[in-house]
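Notes follow once the structure below has been shown.
Nothing in this text is a laboratory measurement; each read-out follows from the coordinates by a stated rule. None of the values given here were measured: they were computed from a predicted structure. All Cβ positions, even for glycine, are placed from backbone atoms using ideal geometry, and neighbour counts span all protein chains on display.
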Amino acid sequence: MRRIPAALLCLTVALGTAACGGDDADSKTAAKPTNCTNKIVNEAAPRVLVWAWYPNMAKVVDNFNNQHTDVQVCWTNAGQGQPEYEKFQTAISAKKGAPDVIMLEADQLVGFEIQDALVDLAPFGANDVKKNFSEGAWKDVSQGEAVYAIPVDGGPMALIYRTDVFDKYKIQPPKTWDEYAQAAAKVKAAGGPVFGDFGSNVPAVTTALMIQKGAQPFVYNLADKQKITIKLDDQATKDVLTYWGDLATKGLVGKEDQFTTDYIAGMVGGKYATYVSAAWAPGYLTGSGVGAGKDKGKFAVAPLPQWDPANPVSVNWGGSAFAVTSQAADKALAAKVAMGIYADDASLTDGWKTQTIFPLNQGVLKSDEFVNAKVDFFSGQTANKDIYIPAENAYKGAVYSPFTVFYYAQLQAQIVKILGGKTTGAQAATDLHNQIVEYAKSQGFTVS
Amino acid sequence: MALTLEAPPADVTNRTRRRVFKPAGWLFILPFLIVFVAFLLAPLLYAGYLSLYTKGLATGTTFAGFDNYTRAFGDPSFRKGLWFVLKFSVVVIPLQIVVALVAALVLDEVTGRLARFSRLVIFLPYAIPVVLGALMWGFLYSPSFGPIEQIAGAFDVRAPFLLSQGNIFYGLLNVVTWQWSGYYMIIIYAALRSIDSSIYEAARIDGANSRQIAVRIKVPMVSSALVLILIFSLIGTLQFFTEPQILGPIANGSVTPDFTPNIYAYYMAFRYAQFNYASAISFSLGFVVFLVVAVFTFATRKRGGLFS
């Protein structure tokens, strides 16, 4: 308990920043990164250190290294999402320790851009690969003319559900959130499992669902970097938080955090009838043993339920890209890796076949093989053609704040309060709004 | 704590007379001094320096003076964390001390192989690294895999999830008590061993039974060890960090970013990149710890505290 005394924390804080400055010369002549997770094929070639967490990254890195003699990727998995961002953030503050190329989710980009932690890739030929992506996907990674990352995958959301539960309780995939709540009540009344999950640790999902209802939490443009518009106490945000809070407190959906061992065990055992998630989710679930053995063929996917079926709104969760950090020793070489890794046919095919990624590369997205693929995890359903491609095409993009990490942590804390019955959805939205506004002001933003 | 070095006066005069620079002495303390300065003193000074500035994402670094400190003590999150660790101290410290004291008294009374074995077993949790201990309890508490749920399941009831919002206080209480009672037991036991057994003999002749000897003689005679433990655990509990940090990811959000002051400082520094404010929070916490311990030792000075 006393293992980390306050003094020691100061120490770590200080070390993080104390060890900074004056070593630009060092990083130029820095020794090659050696503790790579992967095998280096061409020993003589310069190495580029990459952080990424795709479940099939080992294969992707091998593909890249086998095809290149002039550069080799040295890969490290620094954590999935938040843990990686923490390490990157600390490395930025310390001005050393960051990788050359880093995998980031779309909602994190602007937060690092504002700290000058990412390199504009346009001068390094990023626009040569622009043609491979849709306009929307490209917009998500650029600010005006500047391009801060090369997209790999998107996260169109849909409703994954268990066919065994739906068959047993004779329900159809809900088309609206009203139907979703009714179906949840029906299954519960018949003694079935909880219908879904309102996990506090996936605030990105909750945010996406808020945006689906019409919320626009942030308006921000890096060109005018001190100005931000925040709106989290609007009716749409209140409605969505109230909706899920009600379902959870009535026991219709679970209150468990996601991606934990317990949650995955629940997914395997059929504890949750549905999973509101993104196209890349099955890749992560199968990696943890979901959908195998006696669970095989129990999953199917339907379009995300809507608030207004006449005006359907498509939303994204996650979706990732490769960025070059400003600490990269050789930026041109790092840019080459960012553009080349996970861009070859073999890697992309492996990625979408294992449903680890939802590819944004137009060549794959429009190929017959991808469009008409019968997805194994969903028992041969043509999920790409029927669900995910239309969802991705209808996705309008989203605007994120430069302090996504802080915003998510506060939203998570509010969800925990809702789940504990200590606040209402409406009150949570108001409190959240005030917290974020106050924080933005303390960070020097002009809030409107 | 109660240690005061009393050198014979003759020696003192001797030393003052020959007050010349002796490099050998410095050489001996050099290894310690380097580590002490590099890893404690310098970082502390640097953190103190950091805490006087403020850095905004949109504005850059500016001098703030003591603004960060006034902000920290007015910050509801910091105060909430402080309130939690104070509440936790009030429950966990007496609990640990009672468990440790009873175990030590019993072990002091009985002899033989079983006593030696029990001593080892009670001490064992302390030998397990805190992180591993917390992970292990996380597994034991797990609603899907944990034995608690399995035992409850055998009786067709649902065991409470000990890391839920309502229960996490008790879940952590259990982990901490399990981890530290054995250590405190050893301290008390060592103090008990150093008591001259002729005192017990005298008490027996005066007609005291074992219980009376324990309560009237042994406990008062180890009171300075008890004060020491109290201070140890007070400092430790106010800086509560590791267990909630490790159990947080599986606690369904019960461990909030402002759960304890140390966790709050950690979040500030390593998640939100606010190293300046994090330094101020750390110093503020250090100040509170110092204050509480000073008040406490002053109150118990007759039993051998800092001011004795």
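Roughly how large, in nm² to one decimal, is the mean projection of the convex hull of the alpha-carbon atoms in region A:31-152? Kindly include the intermediate steps, with their values, before the conclusion.
On the way: hull surface 32.3 nm².
That works out to 8.1 nm², a quarter of the Cα hull's surface.
Restrict the search to region B:60-95; then list the chymotrypsin sites (Phe, Trp or Tyr not before Pro) that DSSP places in a loop and that have at most 13 other Cβ atoms within 10 Å of their Cβ. Numbers along the way, then the final one.
Numbers: sites: B:F63, B:F66, B:Y69, B:F73, B:F78, B:W83, B:F84, B:F88; in loops: B:F66.
Those satisfying the criteria are B:F66.
What average count of beta carbons from other chains do you get within 10 Å of the Cβ of residues in B:279-286?
4
For A:N42 and B:T62, what does the FRET efficiency come to when R0 = 56 Å and r is the distance between their Cβ atoms, rounded to the nearest 0.05?
0.70
Based on DSSP loop calls and a cut-off of at most 13 other Cβ atoms within 10 Å, the longest stretch of chain A free of exposed GluC sites (Glu not before Pro) is what?
A:146-448
Using DSSP loop states and a limit of at most 13 other Cβ atoms within 10 Å to flag trypsin sites (Lys or Arg not before Pro), what is the longest stretch of chain A containing no flagged site? Can you show the working numbers first?
Numbers: sites that count: A:R3, A:K39, A:K170, A:K250, A:K296, A:K366, A:K374, A:K396, A:K422.
Answer from the scan: A:40-169.
My understanding is that a pair violates if its Cα-Cα distance is over 18 Å; which of A:K255/B:K80; A:K130/A:K374; A:K175/A:K366; A:K168/A:K298; A:K186/A:K271; B:K87/B:K218 do that in this structure?
A:K255/B:K80; A:K130/A:K374; A:K175/A:K366; B:K87/B:K218
So, how do all the Cα-to-Cα distances of region A:281-336 break down into 10 Å bins, in percent, from 0 on up?
16, 24, 23, 22, 15, 0
If I fit a long axis through the Cα atoms of helix A:235-249 and take the longest principal axis of the Cα atoms of chain A, what angle between them do I get, 0 to 90°, rounded to 10?
The angle comes out near 70 degrees.
If you count, for every residue in B:136-145, the Cβ atoms of partner chains within 10 Å of its Cβ, what is the mean?
Details: counts 0, 0, 3, 1, 0, 1, 4, 4, 11, 3.
The mean count of partner-chain Cβ atoms within 10 Å per residue comes to 3.
Would you order B:S210, B:S164 from fewest to most other beta-carbon atoms within 10 Å of each residue's own beta-carbon?
Listing B:S210, B:S164 from fewest to most nearby Cβ atoms yields B:S210, B:S164.
So what is the relative contact order of chain A, in percent, for Cα pairs below 8 Å that sit 6 or more residues apart?
25
How large, in Å, is region B:68-303 by the Kirkwood hydrodynamic radius built from its alpha-carbon pairs?
It is 20.0 Å.
Can you give the angle from 0 to 90° between the axis of helix A:177-189 and the longest principal axis of chain A, with both taken from C-alpha atoms, to the nearest 10?
Tilt of helix A:177-189: around 60 degrees.
Write down the Å³ per residue value for the convex hull defined by the alpha carbon atoms of region B:202-308. Provide the component values of the computation, followed by the final result.
Details: hull volume 13.4 nm³, N = 107.
Per residue, the Cα convex hull of region B:202-308 comes to 126 Å³.
Based on the alpha-carbon gyration tensor of region A:358-415, what equivalent-ellipsoid semi-axes (square roots of 5 times the eigenvalues) come out, in whole Å, largest first?
Sorted largest first and rounded, they come to 32, 16, 9 Å.
Starting from the eigenvalues of the Cα gyration tensor, five times each then square-rooted, give me the equivalent ellipsoid semi-axes of the protein assembly as shown, largest first, whole Å.
Semi-axis lengths for the protein assembly as shown are 52, 34, 25 Å.
If I fit a long axis through the Cα atoms of helix A:57-67 and take the longest principal axis of the Cα atoms of chain A, what angle between them do I get, 0 to 90°, rounded to 10?
The helix A:57-67 is inclined about 40 degrees to chain A.
Once you place label points 7 Å from the Cα toward the Cβ at A:K131 and B:R211, how far apart are they in nm?
My value for the distance between the label points is 9.4 nm.
Please state, rounded to one decimal and in Å, the Kirkwood hydrodynamic radius that chain A gives when every pair of distinct Cα atoms enters the mean of 1/r.
Evaluated on chain A, it is 23.1 Å.
Applying 1/(1 + (r/R0)^6) with R0 = 45 Å to the Cβ-Cβ distance of B:F39 and A:T261, what FRET efficiency is obtained, to the nearest 0.05? It would help to have the intermediate numbers written out before the result.
Values: r = 36 Å, r/R0 = 0.80.
Working from the Cβ atoms, E equals 0.80.
Stretch A:K186-A:S326 to full length: gain in nm at 0.36 nm per residue minus the Cα-Cα span?
Answer, rounded to one decimal: 45.0 nm.
How many nm separate the modelled label positions at A:D116 and B:R113, each set 7 Å beyond the Cα in the direction of the Cβ?
7.2
Compute the distance in nm between two label points, each set 7 Å from the Cα along the Cα-to-Cβ direction, one at A:D308 and one at B:I199.
If labels sit at A:D308 and B:I199, their model points lie 8.3 nm apart.
Among the trypsin sites (Lys or Arg not before Pro) in region B:107-212, which ones are in a DSSP loop with at most 11 other Cβ atoms within 10 Å of the Cβ? Mind listing them?
Answer by residue number: B:R158.
Treating region A:333-448 as a set of equal point scatterers at the Cα positions, no solvent, please give the Debye-formula log₁₀ I(q)/I(0) at q = 0.18 Å⁻¹.
Taking Cα atoms of region A:333-448 as identical point scatterers yields -0.91.
What FRET efficiency, computed as 1/(1 + (r/R0)^6) with R0 = 45 Å and r the Cβ-Cβ distance, is obtained for A:T249 and B:F123, rounded to the nearest 0.05?
0.50
Hand me the chymotrypsin sites (Phe, Trp or Tyr not before Pro) from region B:146-184 located in a DSSP loop with no more than 10 other Cβ atoms within 10 Å, in residue order please.
Counting only loop positions with at most 10 other Cβ atoms within 10 Å, the chymotrypsin sites (Phe, Trp or Tyr not before Pro) in region B:146-184 are B:F155.
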